[in-house]
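The values are calculated or read from the model by the stated rules, or taken from the named source; none is laboratory data. The structure presented is a predicted model; accordingly, all values stated were derived computationally and were not measured. Please note: Cβ atoms are built from the backbone with ideal geometry, for glycine as well, and neighbour counts cover all protein chains shown. Surface accessibility is based on the protein's heavy atoms, side chains included, excluding ligands, DNA and RNA. Shrake-Rupley method; radii C 1.70, N 1.55, O 1.52, S 1.80 Å.
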Amino acid sequence: MSLTLNPPTRLAALLGALVLTGLAAVVFLVGRGALGEATSVSGTPAQMTKPARGVAAKPEPAAAPRAQARVPSGFPPKIDHALRYNRVVVVSVSIPGAAVDAVVRREARSGAQAARAGFVAISATNERAIAGLVTKTGVLPAPAVVIVKRPGVVAGTFSVTDAGTIAQAVAQARR
């Protein structure tokens, strides 16, 4: 059996194929946003006029990008900075030179890395940072590990702990 098309049917099939191809191109371009963008001449009429002879045209400075309004968390600046880039931050408060505090700080750092959270180490001798931390958390044990989540909520406070417990606390804070 042979399939032959008469000339009007061939013409209709060809036009149908062209229409479908055109529609596919429009859908593709609209989906990418290429047709949705309006092209305009950039610059003001004053910028488009030619400068006088011998005078170089000065480009106008670009507008500075607007800074997003940030709500301060109420924590010390180091923790506030870490909260900008991480949803959950592990804060380790320790006394420099104390052996147990060094172990807790190491465990807190590895727990934060395992859970992909931010980490901030604060010295217990830094009175300004400790005062800001105590106002948000209450009484701190020595050494202390504090789990903080955005927008500045304390999710947990620990004393001597291990990396697994810290990673688990970070996972719970993300929920």
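Are any residues in the range 150-175 aliphatic (A, V, I, L, M) and surrounded by fewer than 16 Cβ atoms within 10 Å (Cβ to Cβ), and if so, which ones?
Residues of the range 150-175 aliphatic (A, V, I, L, M): 153-155, 160, 163, 166-167, 169-171, 173.
Passing the criteria: Val153, Val160, Ala171.
Just wondering, is there one or more residues in the range 114-126 that are at pLDDT 85 or above, part of a helix (DSSP H, G or I) and surrounded by fewer than 19 Cβ atoms within 10 Å (Cβ to Cβ)? Break it down into steps so the answer makes sense when it comes.
The initial filter retains those residues of the range 114-126 that are at pLDDT 85 or above, namely 114-126.
Checking which are part of a helix (DSSP H, G or I) leaves us with 114.
With surrounded by fewer than 19 Cβ atoms within 10 Å (Cβ to Cβ) added as a condition, the list becomes 114.
Within the range 114-126, one or more residues are at pLDDT 85 or above, part of a helix (DSSP H, G or I) and surrounded by fewer than 19 Cβ atoms within 10 Å (Cβ to Cβ).
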So Ala131, is it in a helix (DSSP H, G or I), without any contact (Cβ under 8 Å) to a residue 12 or more places away in the chain, open to solvent by less than 60 Å² (accessible area, probe 1.4 Å) and aliphatic (A, V, I, L, M)
yes
Screening Val103, Val90 for residues that are of a type outside the set (Gly, Ala, Ser), open to solvent by less than 50 Å² (accessible area, probe 1.4 Å) and either within 15 Å of Ser159 (Cα to Cα) or not in a helix (DSSP H, G or I) (or both) leaves only Val90
From (1) over 30 Å from Gln168 (Cα atoms); (2) open to solvent by 90 Å² or more (accessible area, probe 1.4 Å); (3) modelled with pLDDT of 80 or more, pick out the condition that doesn't hold for Arg84.
(1)
Read through the list (1) among the β-branched types (Val, Ile, Thr); (2) at pLDDT 90 or above; (3) open to solvent by 90 Å² or more (accessible area, probe 1.4 Å), then give the number of the only condition that Val71 fails.
(2)
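For the range 1-20, which positions are surrounded by 10 or more Cβ atoms within 10 Å (Cβ to Cβ) and either basic (Lys, Arg) or in a helix (DSSP H, G or I) (or both)?
So the first thing to find is which residues in the range 1-20 are surrounded by 10 or more Cβ atoms within 10 Å (Cβ to Cβ), and the list is 5, 9-20.
Within the range 1-20, Thr9, Arg10, Leu11, Ala12, Ala13, Leu14, Leu15, Gly16, Ala17, Leu18, Val19, Leu20 qualify.
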Which of (1) over 19 Å from the mean Cα position of the chain (by Cα); (2) part of a strand (DSSP E or B); (3) under 16 Å from His81 (Cα atoms) does Val145 not meet, given it meets every other one?
(3)
With the requirement that a residue be out of contact with any strand residue (DSSP E or B) (no Cβ under 9 Å at 6 or more places or on another chain) and under 19 Å from Thr137 (Cα atoms), what does the range 80-108 give you?
Asp80
Which of the residues that make up the range 148-163 are more than 24 Å from Ile95 (Cβ to Cβ) and part of a helix (DSSP H, G or I)?
none
Where the second residue is surrounded by 14 or more Cβ atoms within 10 Å (Cβ to Cβ) and of a type in the set (Ser, Thr, Tyr) and the first is free of Cβ contacts under 8 Å to residues at least 40 places away in the same chain and lies in the range 139-162, which pairs have Cβ atoms under 8 Å and are six or more apart or on separate chains?
Pro141/Thr157; Val154/Thr137; Thr157/Thr137; Phe158/Thr165
